[in-house]
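Note sheet for the following structure.
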Amino acid sequence: MTDNPISARVFQMLHRRTDALTPGDPVPEPLVSTSAFSLPENPDPTRTYARFTNPTIEAAEARLVDLEDAPTLLFPSGMATYGALFMGLLQAGDRVLLLSDGYYAARNLVEELFLPFDVELDTCPASEIVDAPLEGITLVVVESPSNPALDVIDIAALAHRCHTSGARLAVDNTVCTALMQQPLDLGADVVLCADTKASGGHSDLLMGHVSSRDTALMERLLKVRNLMGGIPAPFEAWLLLRGLETLEIRLERMCSNARAVLPLLQASDAVSSVTYPNTHPQMSDRGFLIGASFADAETADQFASAAGLVAMTSFGGLHSSADRRARWGDDVAEGFLRLSFGVEPTEELVKAINRGLAAIQ
Ligand SMILES: *Cc1c(COP(=O)(O)O)cnc(C)c1O
């Protein structure tokens with residue numbers, strides 16, 4: 001991650017509070033847990049009731065504004081950002097285009113909750129979406145790299161096609177975060193991110209954010225949040241804020257760990273295929289996720305447990321982990337694992353992976 005153009009944004013985020021400290025202030029962000037604010041005759045209009053905002057939520061949003069270089073709103077989970085976006089943007093008769101091989105819950109959300117309101121759903125694999133027909137589509141939502149296949153989508157090319165045909169483009173940037181990829185700078189209208197994953201990074205919170213430079217869209221999403229009451233709790237926002245401050249150094253280790261492990265998996269006869277995002281100028285690094293296919297579910301589980309990988313269905317945490325995606329209905333082989341590399345010392349991680357591979361020889 002050398003020469004990452006995002007460095008200035010990270011510096012600004014880290015100095016967001018410290019540059020404005022006055023004598024006696026606590027250096028880190030205080031956690032403000034309240035539902036109510038003092039409301040005298042001339043109240044502070046930004047401090048009326050905690051369903052609208054809260055100082056800790058605003059502080060976390062301000063850090064994300066620095067990283068995304070765009071107005072940002074927090075929501076209580078990654079899926080809550082999809083819900084707010086669909087609720088805020090879609091009307092009866094609209095057609096949405098989603099990845100057929102992207103995060104499954106996004107398709108379920110449209111199918112189960114929005115189809116009854118006459119929203120239509122089209123799907124297309126990540127590998128074909130740049131050329132997908134867009135007639136009649138009002139909103140396109142993609143992930144790049146896609147999850148779990150790790151296909152890279154050319155965001156600038158897709159944004160150009162969407163805008164020519166009158167569709168909006170939203171990019172779920174969970175896998176990269178704003179530090180490795182900046183979809184808004186590539187022409188996307190909206191960024192969604194599940195901060196539950198790498199941005200929070202400690203596997204201890206659920207959170208999501210939406211960023212966009214479209215003022216009317218952000219006003220609409222704020223209205224959705226206020227009216228539906230889908231605002232995170234201050235403690236989770238505070239945990240996220242803490243996670244964001246170390247995101248850059250965590251990603252560095254996570255990505256270099258993935259790079260160190262990649263050749264071991266590629267060289268092993270027990271691994272039938274390895275997926276890792278292609279190099280693309282829109283990404284400053286190929287990331288910390290690797291897909292690996294083993295003979296069957298049992299072999300995959302045996303490898304993961306002998307390698308000491310945490311069995312969990314999430315990614316982007318401190319601990320290297322493995323998720324057998326077929327368990328969740330993804331269209332992948334039974335023996336496919338999505339591996340997420342954490343911040344363990346690289347040498348020890350390499351030894352652990354070798355132990356895992358040796359156990360299935
Ligand atoms: C996990 C994830 C989500 C959903 O986030 P939650 O916080 O679990 O609701 C959305 N998109 C992607 C790409 C994810 O990995």
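The values are calculated or read from the model by the stated rules, or taken from the named source; none is laboratory data. This structure is a prediction, so every number in the text was calculated from the model and none was measured. Every residue, glycine as well, gets a Cβ built from its backbone with ideal geometry; the counts of neighbours run over all protein chains shown. Note: accessible area is taken over every heavy atom of the protein model, side chains too, but ligands, DNA and RNA are not part of it. Shrake-Rupley method; radii C 1.70, N 1.55, O 1.52, S 1.80 Å.
If the condition is being in contact with a helix residue (DSSP H, G or I) (Cβ under 6 Å, 6 or more places away or on another chain) and either more than 10 Å from the ligand (Cβ to nearest atom) or open to solvent by 10 Å² or more (accessible area, probe 1.4 Å) (or both), then region 205-224 contributes Leu205, His209, Val210, Ser211, Ser212, Arg220, Leu221, Val224.
Inside region 175-185, residues that are within 13 Å of the ligand (Cβ to nearest atom) and either outside any loop (DSSP other than H, G, I, E, B) or surrounded by fewer than 24 Cβ atoms within 10 Å (Cβ to Cβ) (or both) make up a count of 1.
Considering the conditions (1) open to solvent by 10 Å² or more (accessible area, probe 1.4 Å); (2) among the β-branched types (Val, Ile, Thr); (3) within 16 Å of the ligand (Cβ to nearest atom); (4) more than 18 Å from Phe315 (Cα to Cα), Val142 is excluded by exactly one of them, (1). Would you check which residues across region 206-229 are in a loop (DSSP other than H, G, I, E, B) and within 19 Å of the chain's Cα centre (by Cα) and list them? Result: Leu206, Met207, Ser212, Arg213.
Restricted to region 281-311, and to residues there that are within 17 Å of the chain's Cα centre (by Cα) and open to solvent by 30 Å² or more (accessible area, probe 1.4 Å), the residue that is farthest from the ligand (Cβ to nearest atom) is Ser284. Among the residues of region 316-323, is there at least one that is more than 29 Å from Leu205 (Cα to Cα) and either of a type in the set (S, T, N, Q) or surrounded by fewer than 17 Cβ atoms within 10 Å (Cβ to Cβ) (or both)? Checked region 316-323: no residue is more than 29 Å from Leu205 (Cα to Cα) and either of a type in the set (S, T, N, Q) or surrounded by fewer than 17 Cβ atoms within 10 Å (Cβ to Cβ) (or both).
Of the residues Ala188, Ala170, Ala198, the single one that is outside any helix (DSSP H, G or I) and away from the ligand (no atom under 14 Å from the Cβ) is Ala188.
What do you reckon, is Thr46 touching a helix residue (DSSP H, G or I) at 6+ places or on another chain (Cβ under 9 Å) and at pLDDT 95 or above? So Thr46 fails the test.
Test Phe336 against the stated conditions and say whether it is under 25 Å from Ser256 (Cβ atoms), in contact with a Phe, Trp or Tyr (Cβ under 6 Å, 6 or more places away or on another chain) and surrounded by 15 or more Cβ atoms within 10 Å (Cβ to Cβ). Taking the combined requirement at face value, the residue does not satisfy it.
Return yes or no: is Asp101 within 24 Å of Ala178 (Cα to Cα) and touching a residue at least 12 places away in the same chain (Cβ under 8 Å)? Considered against the rule, which asks whether it is within 24 Å of Ala178 (Cα to Cα) and touching a residue at least 12 places away in the same chain (Cβ under 8 Å), Asp101 comes out as yes. The set of residues from region 159-182 being free of Cβ contacts under 8 Å to residues at least 60 places away in the same chain and out of contact with any Lys or Arg (no Cβ under 7 Å at 6 or more places or on another chain) comprises Ala159, His160, Arg161, His163, Thr164, Ser165, Gly166, Leu169, Val171, Asn173. Restricting the search to helices (runs of 4 or more DSSP H) fully inside region 34-133 and requiring at least 2 residues that are within 16 Å of the ligand (Cβ to nearest atom) and open to solvent by 60 Å² or more (accessible area, probe 1.4 Å) gives 104-109. Applying the selection to region 229-253, what residues are among the hydrophobic types (A, V, I, L, M, F, W, C), closer than 20 Å to Ser33 by Cα and open to solvent by 20 Å² or more (accessible area, probe 1.4 Å)? Matches in region 229-253: Ile231, Ala233, Phe235, Trp238, Leu239. Based on this model, can you work out whether Asp331 counts as open to solvent by less than 10 Å² (accessible area, probe 1.4 Å) and closer than 24 Å to Asp151 by Cβ? For Asp331, the condition - open to solvent by less than 10 Å² (accessible area, probe 1.4 Å) and closer than 24 Å to Asp151 by Cβ - is not met.
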